[in-house]
1. In deg cm²/dmol and to the nearest 500, what is the mean residue ellipticity at 222 nm of chain D if only DSSP H runs of at least 4 residues count, each as -39500 (n - 2.57), divided by the residue total?
2. Show log10 I(q)/I(0) for segment B:89-212 at q = 0.10, 0.12, 0.14 Å⁻¹, two decimals, from a solvent-free Debye sum over equal Cα scatterers.
3. For B:Arg302, go 7 angstrom from Cα along the Cα-to-Cβ vector, then report the distances to that same point in the other copies in nm, smallest first.
4. I need the Debye-formula profile for segment D:77-140: one equal scatterer per C-alpha, no solvent, reported as log10 I(q)/I(0) at q = 0.27 1/Å, two decimals.
5. Just the Cα atoms of segment B:1-57: what Rg and Dmax do they give in Å?
6. Each label point is 7 Å from the Cα along the Cα-to-Cβ direction; what then is the distance between the points at A:Lys37 and A:Arg148, in nm?
7. Any idea what log10 I(q)/I(0) is at q = 0.10, 0.13, 0.14, 0.21 Å⁻¹ for segment C:27-127, Debye with uniform C-alpha scatterers and no solvent?
8. What does the C-alpha gyration tensor say about the overall shape of segment B:114-158? Classify as rounded when a/c is under 1.5, otherwise prolate if a/b is larger than b/c, or oblate.
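The values are calculated or read from the model by the stated rules, or taken from the named source; none is laboratory data. These numbers were taken from a predicted model, which means no experiment stands behind them. Cβ coordinates were reconstructed from backbone atoms using ideal geometry, including for glycine residues, and neighbour counts include every protein chain displayed. With ligands, DNA and RNA removed, areas are computed over all heavy atoms of the protein, side chains included. Shrake-Rupley method; radii C 1.70, N 1.55, O 1.52, S 1.80 Å.
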Protein chains: 4
Amino acid sequence: MHTQYDAIIVGAGVIGCSIAYNLSKRGRKVIVLERGKIAGKASSAAAGMLGAQTELEEDSPLFQFAKASRAMFPQLEKDLKGLSGIDIEFQQNGIYKVAMTEEEVSRIQRLIPAQQELGEMSEWIPAAELHVKEPALSKDTLGAMFIRNDGQVSSPALTMAFATAATTLGAEIHEYTDVHHLIEENERITGVKTNQGSFHADHVIVAGGAWSEQLLQEAGVELPTYPVKGECFSLKTKRRLVNGTIFSNEVYIVPKPGNQLIIGATEKPGTFDESVTVEGISSLMEKMQQVVPAIKEAAWERAWAGIRPQSADSLPYMGTHPDKEGLYIATGHYRNGILLAPKTGELIADLIDGKQVQDDWFSAFQTKRTSLHV
Amino acid sequence: MHTQYDAIIVGAGVIGCSIAYNLSKRGRKVIVLERGKIAGKASSAAAGMLGAQTELEEDSPLFQFAKASRAMFPQLEKDLKGLSGIDIEFQQNGIYKVAMTEEEVSRIQRLIPAQQELGEMSEWIPAAELHVKEPALSKDTLGAMFIRNDGQVSSPALTMAFATAATTLGAEIHEYTDVHHLIEENERITGVKTNQGSFHADHVIVAGGAWSEQLLQEAGVELPTYPVKGECFSLKTKRRLVNGTIFSNEVYIVPKPGNQLIIGATEKPGTFDESVTVEGISSLMEKMQQVVPAIKEAAWERAWAGIRPQSADSLPYMGTHPDKEGLYIATGHYRNGILLAPKTGELIADLIDGKQVQDDWFSAFQTKRTSLHV
Amino acid sequence: MHTQYDAIIVGAGVIGCSIAYNLSKRGRKVIVLERGKIAGKASSAAAGMLGAQTELEEDSPLFQFAKASRAMFPQLEKDLKGLSGIDIEFQQNGIYKVAMTEEEVSRIQRLIPAQQELGEMSEWIPAAELHVKEPALSKDTLGAMFIRNDGQVSSPALTMAFATAATTLGAEIHEYTDVHHLIEENERITGVKTNQGSFHADHVIVAGGAWSEQLLQEAGVELPTYPVKGECFSLKTKRRLVNGTIFSNEVYIVPKPGNQLIIGATEKPGTFDESVTVEGISSLMEKMQQVVPAIKEAAWERAWAGIRPQSADSLPYMGTHPDKEGLYIATGHYRNGILLAPKTGELIADLIDGKQVQDDWFSAFQTKRTSLHV
Amino acid sequence: MHTQYDAIIVGAGVIGCSIAYNLSKRGRKVIVLERGKIAGKASSAAAGMLGAQTELEEDSPLFQFAKASRAMFPQLEKDLKGLSGIDIEFQQNGIYKVAMTEEEVSRIQRLIPAQQELGEMSEWIPAAELHVKEPALSKDTLGAMFIRNDGQVSSPALTMAFATAATTLGAEIHEYTDVHHLIEENERITGVKTNQGSFHADHVIVAGGAWSEQLLQEAGVELPTYPVKGECFSLKTKRRLVNGTIFSNEVYIVPKPGNQLIIGATEKPGTFDESVTVEGISSLMEKMQQVVPAIKEAAWERAWAGIRPQSADSLPYMGTHPDKEGLYIATGHYRNGILLAPKTGELIADLIDGKQVQDDWFSAFQTKRTSLHV
């Protein structure tokens, strides 16, 4: 039996599932091929911060793209709940970028006017006010930038919601299906070979996160991406300890439903090893206690790690393959996969639909960037 | 240190946590004492059907109480989300009471006029229409009563949401705290002795589900309750298999978010043993495949059991102790603990506040029922 | 840094780890590269029967090889315990091949003389005696062939013991390392490319079970292997229910330490999907209750599946690549990977050492079999 | 139905199961009643050190009792394996009591002659030699006392092996059975009342660990015991990191089969709360890295806690009730429950058999100690 699909998506992480959802919504016949399980890797590991302003401090195409993606969550929450039954746990509770030294105070305060010029809500909260709003913060915190619009979701819930909504709209998702090769006919990619047989489609989208490399190399694209491990753990408190997300030097504390906290994340480049090390836990534990001392009484739940795809210029790859028709790439989202997933799904669907993609985004995220292909 | 509480609640299941939430909302200083963990027993095991009409087929105080409790869920969903961040996964997707034999057709059809007279939405769906609405149902199903207003929630989520919301409103919850004795002074219950010391309060509420017996006996109330084990399991399908809950002879199939199904439940009286038996799984598997044959392709997730408190006359106990001032009892909710929890919390809070409780409810659920205390 | 190894082993299942153990024992510098985790796939899923005679009913090179491998376990148990601390749970408690119909009685009885001629201990146990030895067997069992020397081990323990012992002897095991390509220089395989960089060695052994295909294809060997899913589950009884392993028509019941039973296994060819289906559990449950009715009271533990590599002629592939020097293959062990692992490790180590391998084994298991390469 | 047992044991931890095993071996009809699951509490939490000399530094009845119990393990390992199939993972790999300061050097060196006088193998290992034997130890370690005969077992395996062996010998174990009251007739304890009905026996043994209090109070014995929480976690290394157990100031590192390490244990008196705190993990992580710096690369597995029963004079209670015939008590083993379990089982069985118990043990461990009952 030879089934022809409109699109094959390689990878059922948050990016692949968002693309599947967007294409299915537009009536496309879609299949997602996933080597392991849906949301089995980095997409379940992320703490789910929607840190458009927290992570990206200056104006740039990525900053604008992140803001646009962030703005999609309120509606997305409703749509995905309706189609999948899953609550993505969207909270717009703000993020505090905390300063512990005078140097950090200066550095963070300098960011505020620039963000305000861009029309963003971000303000300096001086120590006294900060300790009223977040009484659990260490007395050593000297103030914080509060970013009202940065929020958070549950990363595994968001990924499962995209996936379930896509199946409700007709998409197929095949787990335990390992894509070995792209099928090429006359300079055009027309399908993939897997350990479960061949699949054919007009469009093939590689959205395999840090595991995209092998297929991309085969397609002749040497995208300079590399894996970066991030280690996290979760805790439980007897009552709500912090109201907003606390973002400090090399650690963040994200309050989740049910008095849970997610603490993250280390940065270990160059490894696919998903084990959590003593060193990683030790270092996060030390830093989080400096910012929120009372966290020492919290109860341990569990630790995990995710492998995120980073690119040489720290920008994601989202676009068509420069030479091979029918091939699309969406990877390299690094720490911002959750935040960028809604807009990435839309952008790839637009490309497939032949719709115009905003010029500066197209240039910034294309796979053939001048800086990389001399 | 001697802390005086307004109310001590024994048991952090769905009933105890609902009471804690209701009392905290009214400004009461509350402590919940739980031998194990919050939602650690039957409250996490339930499939979460809100089967006011499914389970209770005729008019009665319990039927009216159940309807009133069911009606509270839409608002409760919002309130608990706001206070706890937890989505209780409330769905008003209806329940099909399916007939597989002509005898069942007759029996079920006879129920409809009575329910309609009570102003309830319930209608007979003939086979042809049923197979359009629920194509996965066996061709052997001869029709079904569809109960539009019966819905469902996630039982563990509801319990955790009550608990978290209560702590947000100021309640304390002490896990791993085993209540050994009631403290009595001058015919009045004034506190409890636990393995973590004594606690004192104006009101003590025993809401320990099937484990309430020992404390009640000590208080001189021989409430004729007994444990009934229910075994369940969950499955995962590639896409949505059924739209409404399917309720058949000795098995129900409840569709959950993310293409999950919960299958339940056996009825094994007289045991506290929480292990799941081969016999239980075999029997549920056989019956569910008769109703929904394609379920055989579903993927296994896990099995579990819960121990539910049943009473001799199948009515819950909700009320004051007949003789001992300060002592309240809320147990015996059997298969309907999730459904009845919102109204139970309100009723007990009303009693403590000295508010009037609806007469027929007061009589029907009181601990000193004429039929039991000759 | 360019490290040169004596041998690279692709796959840390029971076959790869046995090879690593054998080579390390002989002083070789070995590295094992594993895409996921040690013993993460079929090697942890197997029930661990050492069914040399149960599975293989007639004389053949494979039968002789299996017997030779089985004979290694008593010493192996001691050696691995010493080097790894891990008990492989070796039990020589015998296997009953049970007859439920007169036809099965005839078929099974015919096997006995042939096995006895081969010097094997196998005897017919008539119904009356059988029900004394194994009182839990159904009264419908008409007798059984008892195979005294067939025993069992814990499959995950055996695999972890091989792996740990190998590291104690100096081997390296890299988890989360995905081998993408073989490195070939002058018709000779000299290493592999992985997602964690390149590794170089004099000998490369592909022992990736059902996942070996991609690398083998690339090496120009079209080994006709295919995956066969096997589903299992485990139960717990209050006391020992059966003494020997019960092997019946399409189900086996393996008694494990601590009153545990492992029940297996379905056979679903052509899929890598590791989910356990309702159909699989239902069918095993029905069959096991026919043989041992009292098993219905057992407590459920958990279910799992493994993907086993089967070959077209049902014989494993163990040998050198026909054309490419330096490349070795060990896969296709299907249901007998645990049983055959000790001898397979020795055979591959012998080939690498240039030692003589028994002629009929060499021919039977070589990758270039006349029957397959016309 | 009224079944009469020779002995009822309350509690299926390591002490209760050892008593059940010993009584069953002597032909007694035994039932064990356990509120939760076998080995569900402290007996599964312990790291399993057999630290007779490590924990007890001077001669005393408890020291002699501990040594006698330790001496039972080699034979016990064989007996339990035969009866249960379970390997208790007994290793006599020695314990290093490590000195990090000159003060510790002096203190530890002073212990050696005393132990040698008692005929014990314990020796001072100077720094240079120590770093050869245990190269992973910090260069800051100044030497260690090596206790050759102190070893270790797997605590959950030992408990399950006692329990399984007992059932093989005829004992019954009822899980999920909560003992509410003792039954007393004519100053004699003749049975217990539980949530699953009444049980009758000639002898009732309370072996409920930290949970024994309620029953004992009811029997009029105010044994001054209190709970002490201990937090632990386990790690995995790529190869064996330490050979013996490392015992340092407030932390121990126990090497387990399969390159696993168990790290323990904090001491938090007065709580039954089994959650693991950030503070506990932080503090163990800091201390263990001081002793074995390379442990920072180890992979995290999981954390847990156990609640151990401590007595006022730090001695266990093992004996008859002073006034009530038929009642026996075995609790208060604190950090040494695993080590003392074999001999405790024998001692209680001897008391029930009317055999002579060594005088100094009888006096030291009796429930009516002069120091406590003025």
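1. Calculated mean residue ellipticity at 222 nm is -9500 deg cm²/dmol.
2. -0.61, -0.71, -0.77
3. Relative to the other copies, B:Arg302 has label-point distances of 0.8, 0.9, 1.0 nm.
4. The Cα Debye sum returns log10 ratios of -1.19.
5. 14.4, 52
6. Taking the simple label geometry, A:Lys37 and A:Arg148 are separated by 4.1 nm.
7. Those come out to -0.43, -0.67, -0.75, -1.24, one per q.
8. Because a/c hits 1.5 or more and a/b fails to exceed b/c, segment B:114-158 counts as oblate.
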